[in-house]
1. How high is the FRET efficiency from GLN195 to SER250, r the C-beta distance, R0 41 Å, rounded to 0.05?
2. Under a 5 Å amide H to amide H cut-off, with H placed in plane at 1.01 Å, what residues pair with ALA96 once short-range neighbours are removed?
3. State the extension gain, in nm to one decimal, for the chain segment bounded by LYS45 and LYS84, taking 0.36 nm per residue of separation less the distance between their alpha-carbons.
4. Excluding residues fewer than 8 places away in the same chain, name every one of the aspartates and glutamates whose C-alpha is closer than 16 Å to that of LYS80.
5. Using the structure shown, list the pairs from LYS136/LYS251; LYS84/LYS246; LYS85/LYS158; LYS84/LYS136 with a Cα-Cα distance above 26 Å, or answer none.
6. Work out how much length ASN94 to VAL142 would gain on full extension: take 0.36 nm times their residue separation and subtract the Cα-Cα distance, in nm to one decimal.
7. On the full set of protein chains, 1.4 Å probe, figure out the accessible area of SER186 and give it in Å² to the nearest 10.
8. Would you mind checking which residues have amide H under 5 Å from ALA38's amide H? H placed 1.01 Å from N; only 5 or more apart, or other chain.
Amino acid sequence: MKLFAFGLLLMSSAVFAQPGTRIIGGYNCGEGNRPYQAALVYGRKGNWNIYCGGSLVHPCWVLSAAHCKPKLGMKVCLGKQNLKKVESTEQCLNIAEVKQHPNYTRRNNNKDFMLLRLRPCAKLNNAVKTIPLPSKCPGDNVPCTVSGWGTIRTPQAKLPDILQCADVSTVPQQTCNKAYRGAITSFMMCAGVPQGGTDSCQGDSGGPLVCDGKVEGVVSWGTFICAQKGNPGVYAKVCCVVPWIKDTISKQGKC
């Protein structure tokens, strides 16, 4: 299994993939359409390099994937569309605290959740907004959208400057588990399209799967060659950890 963050490889296998790269078979999201989208970046202003994605769930907190644990000096950018330009809407903030899910298991990427506390907190406006957490788990075949700056080509990587979106649907748990030979736990879910060709990929890790205006999934892992028919993307299932998210934010302080 490979995770979708650049440079991470959990197990060598012809079947499984890497945590989060770029959107395959997607389209430009459009300015201001994903105000909750976060980018974990390194480099310099006006020429950021993507590491992983995330979702702003509180002005001071971003939800991402545990396998995306940031390195020293990384920042979280909000209000971005083009990573290679300085934009008037952007807020690139420091990471004050990293909270991986206490039961995250790197071996099988179970409970692949992480919260990042921002310093300073984000200033909410038209370009930067929080996204609600789910109140229940999603059903089967629900239309959703995944977004990120991950690779738009597979298996060779080609990273876009502009935030990409792709339309997918939730996949029944049994179908998902069969596709991945029993590797899907109750804290994971799948989303994709039946014919393949549309998927999250390397670099998209940690980014949001949004269904009905709520963040239902965190881009986690999939096949090495993304967007294959019969191998939907695998997401950490947010509805399973809403109490942990709320508890962490509450206990650690809001700012």
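1. Details: r = 43 Å, r/R0 = 1.06.
The value I calculate is 0.40.
2. ARG117, LEU118, ARG119
3. Contour length minus Cα-Cα distance gives 13.2 nm.
4. List returned: GLU31, GLU90, ASP161, ASP204.
5. Working: LYS136/LYS251 23 Å; LYS84/LYS246 34 Å; LYS85/LYS158 18 Å; LYS84/LYS136 37 Å.
From the list (LYS136/LYS251; LYS84/LYS246; LYS85/LYS158; LYS84/LYS136), the Cα-Cα distance tops 26 Å for LYS84/LYS246; LYS84/LYS136.
6. Numbers: separation 48, 0.36 × 48 = 17.28 nm, distance 3.51 nm.
Value of the extension gain: 13.8 nm.
7. Its accessible surface works out to 80 Å², give or take rounding.
8. GLY54, SER55, LEU56
The values are calculated or read from the model by the stated rules, or taken from the named source; none is laboratory data. Being a predicted model, the structure only gives us computed values, none of them experimental. So basically every Cβ, Gly included, is an ideal-geometry build from the backbone, and we count neighbours across all protein chains shown. Only protein heavy atoms, including side chains, enter the accessible area calculation; ligands, DNA and RNA are left aside. Shrake-Rupley method; radii C 1.70, N 1.55, O 1.52, S 1.80 Å.
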